[in-house]
């Protein structure tokens, strides 16, 4: 189950979000704001992006490079796609 922020500020669950592609160019802060469940993926990879003040400036691609994680794998995991 995935969460999507609604215009009114609330959250709703949306199973179709698994079909969406995550851009490696999204800022970490924007990713965390739009997909709170991404926190679990970042923590799984021991990435200290959660709560980092640089998260609003760093792209997902840049963070993946810093932590030595495959950006494609990270994007797929955040999108809820199976990783091979």
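The values are calculated or read from the model by the stated rules, or taken from the named source; none is laboratory data. Please read all numbers here as calculations on a predicted model, not as lab measurements. Note: ideal-geometry Cβ built from the backbone for every residue, glycine included; neighbour counts use all protein chains shown.
Before moving on, here are some points about what is shown:
- Any hit, the stretch 24-36, residues being assigned to a loop (DSSP other than H, G, I, E, B), within 16 Å of residue 66 (Cβ to Cβ), more than 9 Å from the chain's Cα centre (by Cα) and modelled with pLDDT of 60 or more: yes
- Taking residues in the stretch 57-80 that are on the phi > 0 side of the Ramachandran plot and touching a residue at least 40 places away in the same chain (Cβ under 8 Å), and partners anywhere that are surrounded by fewer than 17 Cβ atoms within 10 Å (Cβ to Cβ) and in a loop (DSSP other than H, G, I, E, B), not one pair has Cβ atoms closer than 7 Å while being at least 6 places apart or on different chains.
- Filter pass, residue 50 being under 13 Å from the mean Cα position of the chain (by Cα), crowded, with 16+ Cβ neighbours inside 10 Å and either modelled with pLDDT of 90 or more or not in a strand (DSSP E or B) (or both): no
- Qualifying residue in the stretch 5-13 (condition: touching a helix residue (DSSP H, G or I) at 6+ places or on another chain (Cβ under 8 Å), at pLDDT below 95 and surrounded by fewer than 16 Cβ atoms within 10 Å (Cβ to Cβ)): yes
- Those residues of the stretch 53-84 which are touching a strand residue (DSSP E or B) at 6+ places or on another chain (Cβ under 8 Å) and not in a loop (DSSP other than H, G, I, E, B), in sequence order: 55, 56, 59, 60
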